[in-house]
1. Kindly state, to the nearest 0.05, the FRET efficiency for Leu117 paired with Gln72, given R0 = 35 Å and r defined as their beta-carbon distance.
2. Write down Rg/Rh for region 49-115, rounded to two decimals, with Rg from the C-alpha atoms and Rh from the Kirkwood relation over Cα pairs.
3. Length gain on complete extension for the stretch Ala162 to Gln97, per 0.36 nm per residue less the alpha carbon to alpha carbon distance?
4. Could you please report the charge total around Ala195, scoring K, R as +1 and D, E as -1 over all other residues with beta-carbon less than 12 angstrom from its beta-carbon?
5. Taking a label point 7 Å from the Cα of Lys127 along the Cα→Cβ vector, which residues of region 151-195 have an amide N closer than 12 Å to it?
6. Can you tell me what percent of all Cα-Cα pairs in region 23-169 are more than 25 Å apart?
7. Could you give the alpha-carbon Rg of region 89-186 over 2.2 N^0.38 Å, rounded to two decimals?
8. Suppose R0 equals 41 Å; then what is the FRET efficiency for Asp189 and Arg39 from their Cβ-Cβ distance, rounded to the nearest 0.05?
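Throughout, read-outs are computed from the coordinates displayed, never taken from laboratory work. Here the structure is a predicted model, which means the values were calculated and not measured. Here the Cβ is made from the backbone with ideal geometry for all residues, glycine too, and neighbour counts use every protein chain on show.
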Amino acid sequence: MLRKDCLSTWPSRWSALVLLTSVLVLLAAGCRERPPQLRSLPENATILAFGDSLTHGTGADANKSYPFRLEQLIQRPVINAGVPGEVTAEGLVRLPQLLDRYRPALLILCHGGNDLLRRTGEEQAAKNLRAMIRLARERGVDVVLIGVPKPDMSLAPPVFYASIAGEFTIPYDGDTLAGILSDRSRKSDYIHPNALGYQQLAEAVHALLQTARAL
């Protein structure tokens, strides 16, 4: 039989236990949800924007591409290394020489759209993207990943983009391009943004870099 003094203190002890458990759960959730962090970008750091026509800026003038706009926002040189029509297998061959030539501090990887259009296989595209990230990491280059939407009614990036970002613990944007391409006022055709869309993409990447404490 419980003593009277034990009974009188039980509610307060139980409340304290509940409070402590709640705090620990919140702290654990905060740790899990903390976005991946990048090293701070020096003022003279070079950023390599690598990809296909979405990086090149197809659908807008050269000075309206997202790399050009991003350079203005972050006040650091951004190399536009986008090749229209390129698939990830070709990009994987092209990337090493650019990494060695420019020695960037950061790689912004936005690739895979042509693989999806040509239905060459999501598994192979994901494998190539992983290989690109490893090439950058081997050279001490940080990476940001941008998910490219599927060319269908869903306009959602394949799940492998988010999976890759999680595997390598890198900052990832899987929403911006989907939002742009679902807005007629921000796209030049079915798969390419216009100047307004590229400006929005540049702003989203800028915000992502700030969240990741690169700026």
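1. Values: r = 30 Å, r/R0 = 0.86.
So, using R0 = 35 Å, E works out to roughly 0.70.
2. Numbers: Rg = 11.6 Å, Rh = 12.1 Å.
Expressed as Rg/Rh, it is 0.96.
3. Values: separation 65, 0.36 × 65 = 23.40 nm, distance 2.66 nm.
Separation in residues times 0.36 nm, less the Cα-Cα distance, equals 20.7 nm.
4. Details: positive: Lys64, Arg69, Arg186, Lys187; negative: Asp61.
Taking every other residue near Ala195 into account, the sum is +3.
5. So the set is empty, nothing qualifies.
6. On the way: 3339 of 10731 pairs.
More than 25 Å apart: 31 percent of the Cα pairs in region 23-169.
7. Working: Rg = 13.6 Å, N = 98, 2.2 N^0.38 = 12.6 Å.
My calculation over the Cα atoms of region 89-186 gives 1.09.
8. On the way: r = 37 Å, r/R0 = 0.90.
Efficiency computed from Cβ-Cβ geometry: 0.65.
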